[in-house]
Amino acid sequence: MKELSLHLLDVAKNSFTAGARHVEIILEEDGAGWLTITIRDDGRGMAPEFLARVTDPFTTTRTTRKVGLGLPLYRLTAEQTGGSLDIESEVGVGTTVTARFQRRHLDCPPLGDMAGTIALLIQGSPDVEVLYRHTTPRGTAELSTEELKEILGDDVSLAEPEIFAWMQDYLTEQEEQAAVELPPASLQGGF
């Protein structure tokens, strides 16, 4: 995938498919160029046997195809930057997927359109409580559907096109204020 936001979209959709009612998407960037993306849900979780092989491309819960490339590609992308992927899960409790990326590494894809990705996730599953927080040394971009629902009331769906547009604009502004300029990519770990 060409952007980290697309990996995030794929993993978060897995949370929704697993019946999660609450999903946290937390991005933390430090001054040394490390980005940690944590996606935590309260979905069905995975049995230990399935968890042990979940990053194998031939392991999937889908019945429409026999391969699942989302988590294997996410792990590969993280490892290519000198980072890692960790998955913790418990049946009936939920799953936490944590990936670390060295954003200054030549092989690290750009972050991508996080505002559009988060707004799209919320619009596609308006009944799931989503907390998004992206913290950088310059500031924080944050959106909570729980808070939005309190403000808007029960009469307004988060799936409405006007709400989608507002969420995207709101997060875009916050992301721009918190954005960190990275120096040129390093060749360490190289070709």
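Results, tabulated for the structure shown:
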item: Added length on full extension, which subtracts the Cα-Cα distance from 0.36 nm per residue, GLU90 to ILE151; result: 18.6 nm
item: Residues ARG21 and GLU142, FRET efficiency given R0 of 30 Å [Cβ-Cβ distance, rounded to 0.05]; result: 0.90
item: 5 Å-binned pair-distance histogram of segment 102-171 (Cα, whole percent); result: 3, 15, 25, 23, 13, 10, 6, 3, 1, 0
item: Mean separation of Cα contacts under 8 Å (6+ apart) over length of the chain, as relative contact order %; result: 24 percent
item: For segment 4-178, Kirkwood radius (reciprocal of mean inverse C-alpha pair distance, Å); result: 16.8 Å
item: Low-density loop cleavage sites - trypsin sites (Lys or Arg not before Pro) in segment 117-185, where at most 16 other Cβ are within 10 Å (DSSP); result: ARG138
item: Of the trypsin sites (Lys or Arg not before Pro) in segment 1-43, those whose Cβ has at most 11 other Cβ within 10 Å and which sit in DSSP loop; result: LYS2
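We did not get these values from a lab; they are worked out from the coordinates using the rules stated. Keep in mind that this is a model prediction, so the values were computed, not measured. When we count neighbours, we look across all protein chains shown, and the Cβ atoms used for this are built from the backbone with ideal geometry, even at glycine.
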